[in-house]
Amino acid sequence: MSDRPLDGRVVLIAGATSASGEAVARATIAAGATVVAVGTRAAALEALRTAVPGVTTHTCDLSSRADVTALASRVHADLGPVDGLVHLVGGWRGGGSIAAQSDEDWDFFDRAFRTLRNTTREFVADLVASPAGRLAFVSSTAVDSPTAGAANYAAAKAASDTWVRAVAQGFSTDAPETAAATVFVVGALAGPENRLGGEIVRLWATPPAEVNGARVPLAPLPRMNP
């Protein structure tokens, strides 16, 4: 028997071309997973394939439900149902005041929320049916400590945070022994990327009841003295 917790599992990473996406792809492949990395930029996905051998990539506009449905059909045809969905789609645009929170900025953040809604609605049946289904989402400390200058960002993150915990409630009813949805809370993703990869792998080594619906603070690893 293998001691790798993700052997035989298929994990889809949405928004995989960031530094955190590369770290999660590297960690989950090392733990035995078949990884499907999804993004919008073909060149960045090609760079990810070079950096993390073994990853499978797909370009997709995750804000389009039709495109996500087509993506799911391709993944199912090639690999079968997924056992994990890691949502890393995001970004930052600041305002400065409540009055400065523009509609353009809101549309930017709302697009990221739509990608979460689309991917979870499309793959939730896979996660419920899996013997070890996991959903991981990266939220922000701004949800608990919002500022006027980041009101659009915090509001969109709060909506996403709530959506994931609603998915968790569904798991507690539909697959309480096998599925879990977890929110990781960070101040910024610059710093804790490698720790995030390890924590996501650990979701599969932890009983679902211990992590389903949990909001897990994720601080950067401390710097080592030279």
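The values are calculated or read from the model by the stated rules, or taken from the named source; none is laboratory data. Keep in mind that what you see is a predicted model, and the values were worked out from it rather than measured. Backbone-built Cβ (ideal geometry, glycine too); neighbour counts: all protein chains shown. Ligands, DNA and RNA are excluded from the accessible area calculation, which covers all protein heavy atoms including side chains. Shrake-Rupley method; radii C 1.70, N 1.55, O 1.52, S 1.80 Å.
Structural remarks
- Scanning the range 80-97 for residues that are modelled with pLDDT of 95 or more, surrounded by 15 or more Cβ atoms within 10 Å (Cβ to Cβ) and among the small types (G, A, S) turns up just one, G84.
- Boolean, R93 is touching a helix residue (DSSP H, G or I) at 6+ places or on another chain (Cβ under 7 Å), touching a residue at least 60 places away in the same chain (Cβ under 8 Å), charged (D, E, K, R) and assigned to a helix (DSSP H, G or I): no
Results for (1) modelled with pLDDT under 90; (2) surrounded by 15 or more Cβ atoms within 10 Å (Cβ to Cβ), shown as yes or no for each residue.
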{"residue": "A188", "(1), (2)": "yes, no"}
{"residue": "G191", "(1), (2)": "yes, yes"}
{"residue": "E199", "(1), (2)": "no, yes"}
{"residue": "P207", "(1), (2)": "no, no"}
{"residue": "N212", "(1), (2)": "no, yes"}
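- Flag for A154 being surrounded by 13 or more Cβ atoms within 10 Å (Cβ to Cβ) and either in a helix (DSSP H, G or I) or of a type outside the set (S, T, N, Q) (or both): yes
- Meets criteria (more than 24 Å from R9 (Cβ to Cβ), assigned to a helix (DSSP H, G or I) and of a type outside the set (A, V, I, L, M, F, W, C)) for R114: yes
- Residue under evaluation D105, criteria (1) surrounded by 21 or more Cβ atoms within 10 Å (Cβ to Cβ); (2) touching a Gly at 6+ places or on another chain (Cβ under 7 Å); (3) in a helix (DSSP H, G or I), criterion not met: (1)
- Of all the listed residues (A47, A30), the sole one being open to solvent by 10 Å² or more (accessible area, probe 1.4 Å) and either in contact (Cβ under 8 Å) with a residue 40 or more places away in the chain or within 18 Å of E199 (Cα to Cα) (or both) is A30.
Table: residues versus (1) modelled with pLDDT under 95; (2) of a type in the set (D, E, K, R); (3) not in a strand (DSSP E or B).
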position: V36; (1), (2), (3): no, no, no
position: L45; (1), (2), (3): no, no, yes
position: D61; (1), (2), (3): no, yes, yes
position: D67; (1), (2), (3): no, yes, yes
position: R74; (1), (2), (3): no, yes, yes
position: D78; (1), (2), (3): no, yes, yes
